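Novice: Pasting a structure here, questions to come.
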Amino acid sequence: MAAPPDMELSSSLSLELLPTDPLLLILSFLDYRDLVSCCYLSRRLNQLSSHDPLWKRHCKKYWLISDEEKSRRNQGWRAIFISTYCDLGRYIHYYATLKKAWDDLEQYLGQWCPRMIGSLKESVREEDLDAVEAQIHCKLPDDYRCSFRIHNGQKLVVPGLMGSMALSNHYRSEDLLDIDTAAGGFQQRLGLKQCLPLTFCIHTGLSQYMALESVEGRNKYEIFYQCPDQMARNPSAIVMFITGTSYLEWFTSYVNKVVTGGYPIIRDQIFRYVHDKDCVATTEDITVSVSTSFLPELSSVHPPHYFFTYRIRIEMSKDALPENACQLESRYWRITNAKGDVEEVQGPGVVGEFPVISPGKVYEYTSCTTFSTTSGYMEGYYTFHCLYNKDRFFNVTIPRFHMVCPTFKVSTA
């Protein structure tokens, strides 16, 4: 039976006869791997897949190359993609995410913590990371390596890039360790076997560690604060407060919290207080809001002792009348742990002070509490008296705020 005329026509068509523009449009939807594969299918596809504008999207998507940087390099998009891939190709699934996080962080620090920018170190070479792996006899995860191809951590200075915390008699500021310092702190002792420090606090000696292997009850690449088990006879019994499941998740989630204003900047430092936007209460012209933080270095699982600090902001509306100015007289707290046990505390002032609040003025202070359970909450009120009517007293609500310690793993020792 003879073939239909339209079939004869279609079979006579070949790739060489198809117009260029529709083919380029089709190729523009392909990923870089498929574009490379096209180079080997035919001479025509090889020619078309080398069309420079096709590679612009991939340079922007995977390497965050801008038009300005392309102009500085004085290269075509395809040449830039290939040369960058030759250098960073093993990190193609991580690079754009981590580079954006670093760029966002640098831009934010430049505006709010400019002196911290000077502590950042330049990138390391691939061979430097290979040398560290040979030194510690352990493989580094690619997302960790990728981050250090962008920035090699920071110098051991204060303030630390990974956040600070301050109480009246306690201060912590964590630096992001450079690769050589981290390698020097690599642990092979029981309790922290095959763990690499990521951060370090000069004042407390505190570090966050990343497990490079699944040993001693840890998951591979898990990130944690160590906490000695004070009730175990074995000194290698270490409990872990988990802070991340991978380097990529750990670093980018921290940066996102910083650059979106989730952590306050106090005295040119990033403070790791978390504020619940619902944790705000307004009484008359006075608004009270609370942010909290868990301190692993002052906590323990055995015996159960979970240490939290909270920062309270008291503000009078700028639209309030001047005669509404008042002074804090006393405080009342109702503290409830996870078992429902209640403790009530009442006393004069706050942290030994009796602040005066007037229109547009803000008073902030920091205090702390501990629980024998992994979580709990506090609520209460402040009693104020009016400055222009000494006989008038009124209570200002402190909103209920919850404190929960991070997930932890008990030592297998």
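Novice: So if I check each of 230, 226, which one is surrounded by fewer than 20 Cβ atoms within 10 Å (Cβ to Cβ) and in contact with a strand residue (DSSP E or B) (Cβ under 6 Å, 6 or more places away or on another chain)?
Specialist: 230
Novice: Would you mention how many residues in the range 324-356 are part of a strand (DSSP E or B), over 35 Å from the mean Cα position of the chain (by Cα), among the aliphatic types (A, V, I, L, M) and crowded, with 16+ Cβ neighbours inside 10 Å?
Specialist: 1
Novice: Another one. Residues in the range 155-202 that are more than 23 Å from residue 127 (Cβ to Cβ), of a type in the set (Phe, Trp, Tyr) and in contact (Cβ under 8 Å) with a residue 40 or more places away in the chain: how many?
Specialist: Adding up the residues that qualify gives 1.
Novice: Find the helices (runs of 4 or more DSSP H) located wholly in the range 46-143 whose residues include 2 or more that are open to solvent by less than 50 Å² (accessible area, probe 1.4 Å), and list them.
Specialist: 56-63, 77-88, 95-112, 126-136
Novice: Restricting attention to the range 336-359, does a residue exist that is closer than 30 Å to residue 190 by Cα, out of contact with any Cys (no Cβ under 7 Å at 6 or more places or on another chain) and basic (Lys, Arg)?
Specialist: Scanning the range 336-359 turns up no residue that is closer than 30 Å to residue 190 by Cα, out of contact with any Cys (no Cβ under 7 Å at 6 or more places or on another chain) and basic (Lys, Arg).
Novice: Can you spot a residue in the range 246-260 that is of a type outside the set (Val, Ile, Thr), at positive phi and modelled with pLDDT of 95 or more?
Specialist: No - not one qualifying residue is present in the range 246-260.
Novice: Under the condition of being β-branched (Val, Ile, Thr) and not in a strand (DSSP E or B), which residue from the range 379-413 is modelled with the lowest pLDDT?
Specialist: 412
Novice: Please verify whether the range 357-368 includes one or more residues that are β-branched (Val, Ile, Thr), in contact with a Lys or Arg (Cβ under 6 Å, 6 or more places away or on another chain) and either in contact (Cβ under 8 Å) with a residue 24 or more places away in the chain or surrounded by fewer than 16 Cβ atoms within 10 Å (Cβ to Cβ) (or both).
Specialist: yes
Novice: Scan the range 261-285 for residues that are closer than 13 Å to residue 165 by Cα, among the charged types (D, E, K, R) and either assigned to a strand (DSSP E or B) or touching a residue at least 40 places away in the same chain (Cβ under 8 Å) (or both) and jot them down.
Specialist: Scanning the range 261-285 gives 268, 272.
Novice: Yes or no: residue 239 in contact with a Cys (Cβ under 7 Å, 6 or more places away or on another chain), assigned by the TED database to the domain that holds residue 197 and open to solvent by less than 60 Å² (accessible area, probe 1.4 Å)?
Specialist: The answer is yes for residue 239.
The values are calculated or read from the model by the stated rules, or taken from the named source; none is laboratory data. All values reported here derive from a predicted model rather than from experimental measurement. When we count neighbours, we look across all protein chains shown, and the Cβ atoms used for this are built from the backbone with ideal geometry, even at glycine. Only protein heavy atoms, including side chains, enter the accessible area calculation; ligands, DNA and RNA are left aside. Shrake-Rupley method; radii C 1.70, N 1.55, O 1.52, S 1.80 Å.
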